[in-house]
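**Student:** Here it is: the structure, laid out below.
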Amino acid sequence: MYCPRCGRQASEEVRFCSGCGLPLDDTAALVQAGGRLAPHGDAPDEATRTLTPRARGTRKGLMIMAGGVIFFGLAFFLMRIKEDFFVLLLPAVLVLTIGVMRVLYGLLLEDDSARRKSPGLNAADEHEDARAKLGRVNAAAELPPARTRPASDFAGRTADTADMAPPQSVAEATTKLLEEDAGAGRNL
């Protein structure tokens, strides 16, 4: 298969073109369908429709809130029978509060885009299918060719160290200073 944008050859297992980054998932589906686009007018039925993380989180929060309301009502009813059951109101209020917090988290912080799944695959099959695809992908074929430069391009001109004078030792410089100080002290 060739990328429709840049023309680079890509295998059918890759998701993106290595040259231009174009997502090739839909392109592979188009090639498999013989160049015909799937009709978009069909409304998804209840079985194939997937919930977004936001909808799932909100739904979980509402279920927790409903459980908290039922627990609160039961605790209130038991408290009316015998006043020792007032301690059950605290966990009921806690469950209700957790439900409200989960609804708020779902509405405000979770992603609202649905993840696309392959039809007919459950979560375990999809995970194994993704792992198998990763095993088949030949990464070297999709990467651009390696560029090689010889190491001599990075090395600068080296200096000829034979012409350099050896450095003086610290002791020689100190001796000269002491001799100069001693000579200056005699002249005084």
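**Student:** Could you please rank CYS3, CYS20, placing first whichever residue has the fewest other Cβ atoms within 10 Å of its Cβ?
**Tutor:** Working: CYS3 19, CYS20 12.
By the 10 Å Cβ count, ascending, the order reads CYS20, CYS3.
**Student:** With +1 assigned to the C-beta of every Lys and Arg and -1 to the C-beta of every Asp and Glu, and no other charges, what is the dipole magnitude of region 53-109 about the Cα centre in debye, to the nearest 20?
**Tutor:** Here region 53-109 has a charge dipole of around 380 debye.
**Student:** If R0 is 25 Å, what FRET efficiency do you get for CYS6 and ARG147 from their C-beta distance, rounded to 0.05?
**Tutor:** Computed FRET efficiency for CYS6 and ARG147: 0.85.
**Student:** How much length is gained on full extension from LEU94 to GLU13, taking 0.36 nm per residue of separation minus their Cα-Cα distance? Before the final figure, lay out each step's value.
**Tutor:** Working: separation 81, 0.36 × 81 = 29.16 nm, distance 4.93 nm.
Result for the pair: 24.2 nm of gain on full extension.
**Student:** Provide the gained length on full extension for the span ALA66 to GLU110, in nm with one decimal, where the gain is 0.36 nm per separating residue minus the Cα-Cα distance. Before the final figure, lay out each step's value.
**Tutor:** Details: separation 44, 0.36 × 44 = 15.84 nm, distance 2.09 nm.
That works out to 13.7 nm of additional length.
**Student:** Can you give me the long-range amide H partners of PHE16? Hydrogens built in the peptide plane at 1.01 Å from N, cutoff under 5 Å, separation of 5 or more residues or another chain.
**Tutor:** LEU24
**Student:** Using r as the Cβ-Cβ distance of LYS176 and ALA155, and R0 as 35 Å, what FRET efficiency do you calculate, to the nearest 0.05?
**Tutor:** 0.35
All of the numbers you see were taken from the coordinates with simple rules; none came from a lab. All values derive from a computational prediction rather than experimental measurement. Cβ atoms come from the backbone with ideal geometry, glycine included; neighbour counts cover every protein chain shown.
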